[in-house]
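All of the numbers you see were taken from the coordinates with simple rules; none came from a lab. Since the structure is predicted, the reported quantities are computational estimates derived from the model, not experimental observations. Quick reminder, even Gly has a Cβ in these numbers, built from the backbone with ideal geometry, and neighbours come from all protein chains shown.
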Amino acid sequence: MPLKSLTINGFKSFADKTKIDFTSGITGIVGPNGSGKSNITEAIRWVMGEQSAKSLRGDKMVDVIFAGSATRAQMNHAEVTLEFDNSNGELKSDQTNITIQRKLFRNGDTEFSINNKACRLRDITEMFMDSGMGKQSFSTISQGRVEEIFNSKPVERRSIIEESAGIALFKQKKTQAENRLSETTDNLHRVSDIVSELS
Ligand code: ATP
């Protein structure tokens, strides 16, 4: 499931629409301090569904929108697009090219889409869960995160291993099934009460 490209427009320091193509081999991005290297990894986490403004080094989510500079006005929205090659069918879709996009407007409106079709954040999360590419996955590791992993508690470290081993999706499905089972058991109890009242 190779990452083919990243397009950033209006996200943090990227006032101009910028496309980065990831061709085969290693792509390195170099630049002086403050030139926006970390903003690139943050753009990837953001489009994958990051919901914590703090982990994107802001106070509120709208802080990710280009705030303006001495020569340019602030922008009204941020937009990030990631393109994947799904010819190996790793992602649960029959499309060989998958494009996911997130937009955020200054009034707080957010839009997510998969292959230009509006979707919920949950659809993106589920599509990438256990693919190694989720917002919390280890394909993007920010500065400080390595230390955080070393210093994490055993339970937290276990969840890291589970995510890497690809069983997080099954754990989530198990919890959903358990919740449904508990609701059904409650309903059965209610029916049984009604039956005993009527007989
Ligand atoms: P370093 O090498 O020091 O880690 P870096 O290349 O990773 O730096 P970033 O941290 O990605 O740089 O970028 C920081 C720059 O992004 C700062 O100049 C900051 O002003 C700018 N920036 C962050 N948010 C916004 C925003 N909303 N609008 C405009 N510029 C922003």
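Charges were assigned to the Cβ only: +1 to each Lys and Arg, -1 to each Asp and Glu. The resulting dipole of the chain about its Cα centre is roughly 560 debye. By definition, a body whose alpha carbon gyration tensor gives a ≥ b ≥ c is prolate when a/c is 1.5 or more and a/b is larger than b/c, and segment 3-142 fits this prolate description. Taking packing as the residue-averaged number of other Cβ atoms within 10 angstrom, the listed peptides 77-88, 183-194 run from highest to lowest as 77-88, 183-194.
Report summary: the helix-based calculation at 222 nm, which adds -39500 (n - 2.57) for every DSSP H run with n ≥ 4 and divides by the residues of the chain, gives -11000 deg cm²/dmol. Placing pseudo-labels 7 Å out from each Cα toward the beta carbon at N115 and V195 gives an inter-label distance of 4.7 nm. Residue pairs exceeding 26 angstrom between C-alpha atoms, taken from K103/K153; K92/K171; K4/K153; K12/K171: K103/K153; K4/K153; K12/K171. Taking Cβ atoms as reference points and 13 Å as the exclusive limit, the residues near A177 contribute a net charge of +2, counting Lys and Arg as +1 and Asp and Glu as -1.
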